[in-house]
1. Between VAL389 and THR409, what length in nm is gained on full extension when 0.36 nm per residue of separation is reduced by their alpha carbon distance?
2. What residues from the stretch 309-331 fall in the zone where the backbone N is under 18 Å from a label point 7 Å along the Cα-to-C-beta line of HIS252?
3. Name the cysteines of the chain that stand alone by the Cβ rule: no other cysteine Cβ under 4.7 angstrom.
4. Within the stretch 239-335, list the trypsin sites (Lys or Arg not before Pro) lying in a DSSP loop whose Cβ has at most 12 other Cβ atoms in a 10 Å radius.
5. Loop only per DSSP, at most 14 neighbouring Cβ atoms within 10 Å: give me the GluC sites (Glu not before Pro) in the stretch 43-88, ordered by residue number.
6. What chymotrypsin sites (Phe, Trp or Tyr not before Pro) does the stretch 165-239 have in DSSP loop regions with at most 14 other beta carbons within 10 Å?
7. Hey, can you grab everything whose amide H is under 5 Å from the amide H of VAL50? Only 5+ residues off in sequence or another chain; H modelled, so Pro and N-termini drop out.
8. Would you mind giving the three semi-axes, in whole Å and largest first, of the ellipsoid equivalent to the stretch 268-414 according to its Cα gyration tensor?
Amino acid sequence: MKRSLVIVATALIFVSVNAQEVSTNRIKGLRVNGEARDHFPVAGLSSDAVTIEFDLDSSQPEDFRIKFYHCEKDWTVTQNQFINDEMRNSTKFPIPFEHAPAGVEHYTYHYSLRVPGFPGVEKFPYSGNYVFEIWDKEQTELLAKGRFFVAEQRIPLSIAIANRYLPSVGIPFNQVNKIELGVAIPDDMTSDVDRIIASFVRTVDVYRNRELHTPHRVDVDDDNPNTFVDGLGTGNLKFIIDNIQPGNEYRHLDLNNIDYYPPNQLSRNRDGADVGRIFHQGPPDNDGESIVTTDSRYSDYVKFQFELDRESDDCSPLYVVGDFNDWTTGDAWKMEYDKTSQRYVLRSELRRGIYDYQYVCNGNDWSGIEGNDWRTVNQFTALLYYHDVSFGGFDRIIGFAQRSSPGGTQATTK
């Protein structure tokens with residue numbers, strides 16, 4: 001059924017919203033953390049801040065400005081000046097910073113901003129997906145960008161996670177998690193005041209750990225045979241997806257030991273090059289969260305070489321991903337194959353700390369090298385979208401919930 005909408009004429013807003021990126025070598029270690037479990041980067045409209053942090057390598061501190069843009073559920077910037085009012089969604093004062101600790105050589109200042117609650121971004125007027133851009137004072141040079149979420153807790157959202165077999169898939173990839181998301185719209189939200197129209201509650205995105213660029217979507221209009229929406233148009237809906245591979249526990253890298261990983265030297269994994277582990281279960285991880293070292297002369301950057309043993313170059317393009325690159329397969333993290341050593345290698349620079357990481361084979365295969373096992377415990381985050389018809393229409397996030405997968409070795413549902 002077609003719907004007639006009032007279209008509001010607006011000034012168009014154009015901004016690139018690709019993966020978190022840094023376009024200058026002056027800025028290092030950009031990261032975004034929220035107050036939810038595992039610091040999943042979700043804020044509230046006026047509370048539950050997210051923290052944007054980065055390091056600066058410069059002889060003098062710089063006066064940065066940060067702009068925020070509301071996006072639709074698919075990360076396209078909302079083209080409406082009432083939603084994206086630049087006078088209201090950009091910082092008005094310099095970003096707070098502190099000097100790097102004595103002895104640190106690879107950066108000179110550390111910047112940290114909590115929003116909402118900073119002048120110019122006292123609160124977010126609307127919930128939804130957000131991208132931010134870091135600009136110089138004159139706003140002539142875009143230096144870095146990233147993404148986070150702003151959620152309203154308007155609608156109760158429950159999560160049930162079970163282990164299930166996919167009979168048509170071979171071992172070990174037949175082990176999947178089935179997720180059911182229950183949505184209950186209270187009767188008092190269907191009145192004209194503060195109204196939520198059930199037919200416009202159509203989409204849930206589910207994120208595994210902190211993998212912000214690879215959500216699992218359940219949508220009324222999708223053609224995915226592994227997703228289903230029950231109760232459409234009513235106040236009680238159930239969003240179901242049953243083909244999420246748990247993967248493996250992430251690999252673990254602890255760069256805190258200066259004897260194993262000394263300053264100003266290229267270091268390799270003290271336990272030797274990584275190997276494939278398709279049938280080997282890893283130890284428990286940190287659900288994708290990094291823990292960087294702070295407030296000491298060792299809170300510096302370490303030169304580290306990732307290495308993966310492989311008899312042939314059968315995984316190209318191969319990427320290493322982790323919280324250090326926002327769990328994305330960007331060109332800067334593409335590994336090269338060395339025929340002599342029969343290894344994929346990549347040299348990097350990481351802030352000293354503890355990291356989860358893994359390898360992604362052939363550009364998008366997250367399990368072919370790492371394996372897949374029910375025993376893997378992941379933190380799943382669900383975001384419930386509502387298509388608000390105000391201002392010509394835009395996507396809000398009206399529900400947010402988190403739950404860990406059950407682990408174990410047996411199917412718990414058919």
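Bear in mind these aren't lab numbers, they're just calculated from the coordinates by the rules spelled out. This is a predicted model, so every value here is computed, not measured. Counting neighbours? That spans all protein chains shown, and the Cβs are built from the backbone with ideal geometry, glycine included.
1. 2.6 nm
2. 322-324
3. By the Cβ distance rule, which asks for a partner under 4.7 Å, the isolated cysteines are CYS71.
4. ARG270
5. GLU86
6. Sites meeting the loop and neighbour criteria: PHE173.
7. VAL115
8. 31, 22, 18
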